[in-house]
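The values are calculated or read from the model by the stated rules, or taken from the named source; none is laboratory data. Values in this document were obtained by computation on a predicted structure and should not be read as measured data. Cβ coordinates were reconstructed from backbone atoms using ideal geometry, including for glycine residues, and neighbour counts include every protein chain displayed.
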Amino acid sequence: MPTISANPAPLSVEEIRKSFGTVAAVNGISLEIPTGACFGLLGPNGAGKSTVIRSIMGRVRPDSGAIHIFGHAVGSTAARAEIGWVPQELALYPLLTCRENLRAFGRCQGLRGDVLDEAIAWCLDWAALEDRARSTVRSLSGGMKRRLNMACGLIHRPRLVLLDEPTVGVDPQSRNRIFEMVEALRARGTTIIYTTHYMEEAERLCDTIAIIDHGRIIALGSKETLVARAFGTRSSVIMHFAAQHDGLAAWAAAHNASAQDSAILCTVEKPSEIAVLLESAARDGLDIADVSLRRPNLESVFLHLTGKELRS
């Protein structure tokens with residue numbers, strides 16, 4: 001049996017690989033997440049992100065490599081006690097109350113007696129559902145259900161938490177409340193793995209971000225590091241055209257830009273360079289509807305590295 005170090009990382013992923021038939025879903029990914037970090041995991045659909053998440057949760061067994069949670073092999077009893085997963089899909093009993101749902105999930109985690117009662121009280125407070133404790137799930141709003149879903153997944157108060165798109169389908173007010181819940185977890189010293197399709201969420205919440213594409217990590221670092229590495233001091237120019245044009249892709253390639261439907265994204269060192277782009281587009285018969293200049297952000301990095309929007 002391997003020796004566990006005195007202070008093992010909350011999550012250590014070592015060169016995991018997983019193929020489904022001839023498709024390599026994960027192709028040699030390694031990660032180590034430090035205690036108390038909020039780690040963003042981003043990737044377009046089909047990039048391998050879901051396979052990595054399921055591997056961390058023990059739902060998928062990698063073909064090779066190793067995953068350890070606080071030094072324990074993934075899937076072991078010790079590892080399961082340390083990790084909590086909140087999936088995208090709501091996993092609640094609609095005819096039970098909030099309190100009854102929490103009690104059922106707590107008992108599944110082995111909690112009993114005063115320990116369970118204390119955990120339920122903490123969850124209701126954390127999710128701002130104390131006044132709805134006796135309400136059935138089917139009577140709750142979408143945002144309340146999402147918050148209860150988080151509480152049920154984390155009732156055993158694990159030290160490592162995986163939040164898989166926790167704000168899907170909620171209104172702005174509920175989204176802000178979920179942000180507060182995530183920040184409260186961090187204040188407790190909880191380590192968080194956060195997946196999202198909303199770049200502003202990753203920018204706000206995550207210390208470090210990994211972008212996965214084609215089964216590999218293609219970028220890793222803080223938002224500032226990723227932007228500087230991809231663009232240096234350059235700024236983004238987004239040009240929207242009045243209609244899709246057959247020559248748009250070729251024109252974008254000629255100007256070191258990426259094309260997406262009827263828009264292109266490129267970078268300039270100086271704002272004055274925009275005039276050159278406008279003149280070139282006019283010569284080639286491209287009808288420009290809108291032009292904007294902005295400093296690159298995480299979305300710019302994602303488009304630059306993957307050539308596609310996150311929801312594509």
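Some points to look at:
- Residue identified as modelled with pLDDT of 95 or more and crowded, with 20+ Cβ neighbours inside 10 Å among Ala9, Ala119: Ala119
- Of all the residues in region 255-310, those that are surrounded by 15 or more Cβ atoms within 10 Å (Cβ to Cβ) and of a type in the set (Gly, Ala, Ser) number 7.
- Of all residues in region 62-75, those that are in contact (Cβ under 8 Å) with a residue 12 or more places away in the chain, surrounded by fewer than 18 Cβ atoms within 10 Å (Cβ to Cβ) and not polar (S, T, N, Q) total 4.
- Failed condition for Ser55, given (1) under 15 Å from the mean Cα position of the chain (by Cα); (2) within 14 Å of Leu162 (Cα to Cα); (3) buried (at least 20 other Cβ atoms within 10 Å of the Cβ): (1)
- Subset of region 154-175 [modelled with pLDDT of 95 or more and within 16 Å of Thr196 (Cβ to Cβ)]: Val161, Leu162, Leu163
- Tally of residues being touching a helix residue (DSSP H, G or I) at 6+ places or on another chain (Cβ under 8 Å) and part of a helix (DSSP H, G or I) across region 201-228: 8
- Residue match in region 85-95 (condition: part of a helix (DSSP H, G or I) and either at pLDDT 95 or above or not polar (S, T, N, Q) (or both)): no
- Restricted to region 233-312, the set of strands (runs of 3 or more DSSP E) holding at least 3 residues that are not hydroxyl-bearing (Ser, Thr, Tyr) comprises 235-241, 263-268, 288-294.
- Scanning region 235-254 for residues that are in contact with a strand residue (DSSP E or B) (Cβ under 9 Å, 6 or more places away or on another chain) and surrounded by 17 or more Cβ atoms within 10 Å (Cβ to Cβ) turns up Ser235, Ser236, Val237, Ile238, Met239, Phe241, Leu248, Trp251, Ala252.
- So Asn101, is it in a helix (DSSP H, G or I), in the same structural domain as Arg188 (by TED's automatic domain parsing) and closer than 26 Å to Val52 by Cβ: no
- Only one entry in Phe179, Phe231, Phe241 is at pLDDT 95 or above and of a type in the set (Phe, Trp, Tyr), namely Phe179.
- Candidates Gly65, Gly58, Gly106 - the one that is of a type outside the set (Val, Ile, Thr), assigned to a strand (DSSP E or B) and farther than 29 Å from Glu200 by Cβ: Gly65
- Whenever a residue of region 96-107 is without any contact (Cβ under 8 Å) to a residue 40 or more places away in the chain, its partners that are of a type in the set (S, T, N, Q), lying with C-beta atoms within less than 9 angstrom and at least six residues away or across chains, give the pairs Glu100/Thr136.
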